[in-house]
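Student: One structure is given below, represented as structure tokens, and several questions about it will come after.
The values are calculated or read from the model by the stated rules, or taken from the named source; none is laboratory data. What you see is a predicted model, and the numbers here were worked out from it, not measured in a lab. As a convention, Cβ positions derive from the backbone with ideal geometry for all residues, glycine included, and neighbour counts pool all protein chains shown.
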Amino acid sequence: MSFWDRLFGGRSESAQQRQRLDYLNEALVLERQGDFDAAVTSYRLALRERPNDLKILQNMAIALTKIGRVEEAIRAYRKALELDPGLSGAHYGLAFLLIKRGDTTAAAKHLSAFLAHPPDGPDAARWVAHAQGTLDQLRAPLDGAPPAGE
């Protein structure tokens, strides 16, 4: 604490902002440690400060998925897609959750949306191939086999 802070018994507004806990980064650290329940709590706190932050919504959906809270994860992905209908990662994640829930028609719609605007990057081809293969299975299941992801 600076001399002026001690003298006047407080902190400036910018000092208070610097001291504010960064809930998003805290959540990411907690996820890396495998504490997904605590990460979800931190994501919820982060959303209080930035309720329309797509990164927070998507990361929270992933953490919720990892702890089996599928319906909450679906809501988080849907909220992200309300804010940005072209968000490919949310379409991808939501599609596979819908498959688990048995809603293959909606899942196919989200896989198609993902494939219409796939992400860029070194791992993108892997995710695109997985989405395309799953979509192909949803559209024409082979020999009565269950759709991918079930």
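Student: Looking at (1) outside the structural domain of Tyr23 (by TED's automatic domain parsing); (2) in contact (Cβ under 8 Å) with a residue 24 or more places away in the chain, which one does Lys109 not meet, given that it meets all the others?
Tutor: Tallying (1) outside the structural domain of Tyr23 (by TED's automatic domain parsing); (2) in contact (Cβ under 8 Å) with a residue 24 or more places away in the chain, Lys109 fails exactly one: (2).
Student: Okay, moving on. Quick check: anything in the stretch 117-129 surrounded by 21 or more Cβ atoms within 10 Å (Cβ to Cβ) and assigned to a helix (DSSP H, G or I)?
Tutor: Going through the stretch 117-129, the residues surrounded by 21 or more Cβ atoms within 10 Å (Cβ to Cβ) turn out to be none.
Scanning the stretch 117-129 turns up no residue that is surrounded by 21 or more Cβ atoms within 10 Å (Cβ to Cβ) and assigned to a helix (DSSP H, G or I).
Student: Please find, within the stretch 81-110, the residue that is surrounded by the fewest Cβ atoms within 10 Å (Cβ to Cβ) out of those that are of a type in the set (Gly, Ala, Ser) and more than 17 Å from Asn59 (Cα to Cα). Full working, then the answer.
Tutor: Initially, the stretch 81-110 is screened for residues of a type in the set (Gly, Ala, Ser), giving 86, 88-90, 93, 95, 102, 106-108.
This time we only want the ones that are more than 17 Å from Asn59 (Cα to Cα), so: 102, 106-108.
Details: Gly102: 11, Ala106: 16, Ala107: 25, Ala108: 19.
Of everything passing the filter in the stretch 81-110, Gly102 is surrounded by the fewest Cβ atoms within 10 Å (Cβ to Cβ).
Student: A further question follows. Given the structure, is Asn52 of a type outside the set (Gly, Ala, Ser) and not in a helix (DSSP H, G or I)?
Tutor: Yes.
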